[in-house]
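Working notes, structure below.
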Amino acid sequence: MKVDYDIAVVGAGPIGLAAATLLAARVGIAPARIAVVDRRIPTIPDDLTKLPVDLRVFALSRASEKILRAAHAWTDVARTRTAPYERMQVWHADVPPHGGEALVFDAAEVGERDLGMIAENSVLQASLLIAARRAGLALVESEVDALESGRDFVTLRGKQRTVTTRLVIGADGAQSRIRELAGLFATRTDYGQVAIVAMVATAKPHQRTAWQRFLGDGTLALLPLADGHSSIVWSVPTSRAEKLLGCAPPEFERELEKDFDSALGAVRLASERLRFPLWRLAAEHYVTARIALIGDAAHVVHPLAGQGANLGLLDAAALTDVLAQGIASGEDPGAERILRRYERWRRSENQLMSAAIDAFDRLLARGSGRLAEFAQRGMPWVGRSAVAKRAFIERAMGLAGELPAAAR
């Protein structure tokens, strides 16, 4: 049977679009044979600065920057309301923000111009969509209702369209329909927290610094934005989050300033407040015959380290590598032996990062007892050790571990 496409990526978010554009550039398949399938392909303005401001932002690592360059999307990302951050300042609620006990990571310590870039979700998605159209990828509007696996192809059935393909890549987020239809089991653990996301103005400039305070009952991060405002990600117990979301702006601002220890002076709310319930998700397997999961469809981590999008982009680049190698050797892109290489590679890396993030949450953000006290007292030691600081910085920038070609 003649199939419609060699590869169909389900999900037109940033991770799915990145995977599709990388595949078009690197695997030796004609771009028109690669499809991006979603129930709605976004309409974007010619001038990306006309996009509405998106309160959901990502802290993109250096590895992610390199991947986006390989996907031919970085130029548009970098010139559209994107802010570099040159330092990270991290401290526990038991110590003052400006003192020897606060951890400060500086790009200059590792000879880099910055530690990463803060970019809006919509800007990232629009830039990658431009790259996908420029590459000549097929963009298919259809909601997937059913999946039928055959020996040589997979059929995706939807109300608008039926698509046949040799390989399905599920990049359709934490509530992945592809994961569900493929029967790929995932463990979900509720953190009992809600992340409050908003834009704020501060009396003192953000200094191109990403600020983070471990509160004892959660985490508060302020990320620098290009216009001088900051984006907050305030992760607290669900009951407290509901009170904060329901209170008047002046009371919210007082609570926010108190939790931030007035590190940047008075704080003023500059947008609406969004809520995101927090949970951890881990798929037991990332692949099965002719199906692979990437990004949040395969794993979801706590936002305190800002690594969710970075891990997803590394998934996309790693899957591209193994498919390129397999196709160059004459193998079918949906062959399970190829896909298992991707799973072994990325599942181990993602499990390592997820375990580290959960340890930070348990011991630093919400920890109590002797082990937590030991971890909290160890923070100043990390700050005094050049070797330890470099290791932390390199891992956060995506410069450590087994990296795919596009990230090197």
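Observations on the structure shown:
- Per residue value of the accessible surface for the chain (all protein chains in place, 1.4 Å probe), Å²: 42 Å²
- Normalised by the number of residues in region 267-408, the mean separation of alpha-carbon contacts (under 8 Å, six or more apart) gives a relative contact order of 23 percent.
- Region 1-107: relative contact order in percent, alpha carbon pairs under 8 Å with at least 6 residues between: 20 percent
- In order along region 33-48, the Karplus-derived 3J(HN,Hα) couplings, from 6.51 cos²θ - 1.76 cosθ + 1.60 at θ = phi - 60°, round to 8, 10, 10, 10, 10, 7, 5, 8, 8, x, 8, 10, x, 4, 9, 5 Hz, and Gly and Pro are given as x.
- Span-rule helices in the chain, defined as complete DSSP H runs reaching 27 Å or more along the axis (Cα) with Kyte mean at least 0.5: 308-328
- Using a cutoff of 8 angstrom between alpha carbon atoms and counting only pairs six or more residues apart, the relative contact order for the chain works out to 22 percent.
- Within the accessible area of region 249-380, the carbon and sulfur atoms contribute 53%, probe 1.4 Å, all protein chains present.
- Over 18 Å [Cα-Cα, region 282-408], rounded percent: 59 percent
- Between the C-alpha center of region 24-41 and that of region 223-245 there is a gap of 36 Å.
- Protein-only accessible surface order, largest first, of His229, His98, His285 at 1.4 Å: His98, His285, His229
- Evaluated at q = 0.17, 0.20 Å⁻¹: base-10 log I(q)/I(0), Debye formula over Cα of region 164-292: -0.86, -1.03
- Phe153, Phe214, reordered so the largest accessible area comes first (probe 1.4 Å): Phe153, Phe214
- Applying the Karplus relation 6.51 cos²θ - 1.76 cosθ + 1.60 with θ = phi - 60° to region 94-105 yields 3J(HN,Hα) values of 7, 10, x, x, 10, x, x, 8, 7, 7, 10, 10 Hz, where x marks Gly and Pro.
- Listed residues Arg346, Arg208, Arg188, most fluctuating in the chain (Gaussian network, C-alpha, under 10 Å): Arg188
- Built amide H within the under 5 Å cut-off of Ala186, gap 5+: Glu284
- With q set to 0.20, 0.26, 0.27 Å⁻¹, the log10 of I(q)/I(0) for region 241-312, from the Debye formula over equal scatterers at the Cα positions, is -0.92, -1.15, -1.18.
- In a DSSP loop and with at most 11 other Cβ atoms within 10 Å, the trypsin sites (Lys or Arg not before Pro) in region 1-78 are Lys2, Arg40.
- Debye log10 I(q)/I(0) for region 82-156, one point scatterer per Cα, at q = 0.11, 0.12, 0.23 Å⁻¹: -0.63, -0.68, -1.10
- In Hz, Karplus ³J(HN,Hα) per residue of region 175-192 (6.51, -1.76, 1.60; θ = phi - 60°; x = Gly, Pro): 9, 3, 6, 5, 4, 5, 5, 7, x, 8, 6, 9, 8, 10, 10, 7, 7, x
- Amide H to amide H, with H built 1.01 Å from N, Asp4 comes under 5 Å of Thr164, Thr165, counting only residues 5 or more places away or on other chains.
- For Val9, nonlocal amide neighbours, meaning residues 5 or more places apart or on other chains whose placed amide H falls under 5 Å from its own, are Ala35, Val36, Val37, Ile169.
- Within straight-line reach of Lys2, meaning a Cα separation under 16 Å, sit the following aspartates and glutamates at least 8 residues removed in sequence or on another chain: Glu148, Asp152, Asp332.
- Over the chain, the fraction of Cα-Cα pairs per 20 Å bin, rounded to whole percents and listed from the shortest bin up, is 27, 56, 16, 0.
- Most to least packed among 348-355, 334-341 [average Cβ atoms within 10 Å]: 334-341, 348-355
The values are calculated or read from the model by the stated rules, or taken from the named source; none is laboratory data. None of the values given here were measured: they were computed from a predicted structure. Every residue, glycine as well, gets a Cβ built from its backbone with ideal geometry; the counts of neighbours run over all protein chains shown. Side chains included, ligands, DNA and RNA excluded: accessible areas come from the protein's heavy atoms. Shrake-Rupley method; radii C 1.70, N 1.55, O 1.52, S 1.80 Å.
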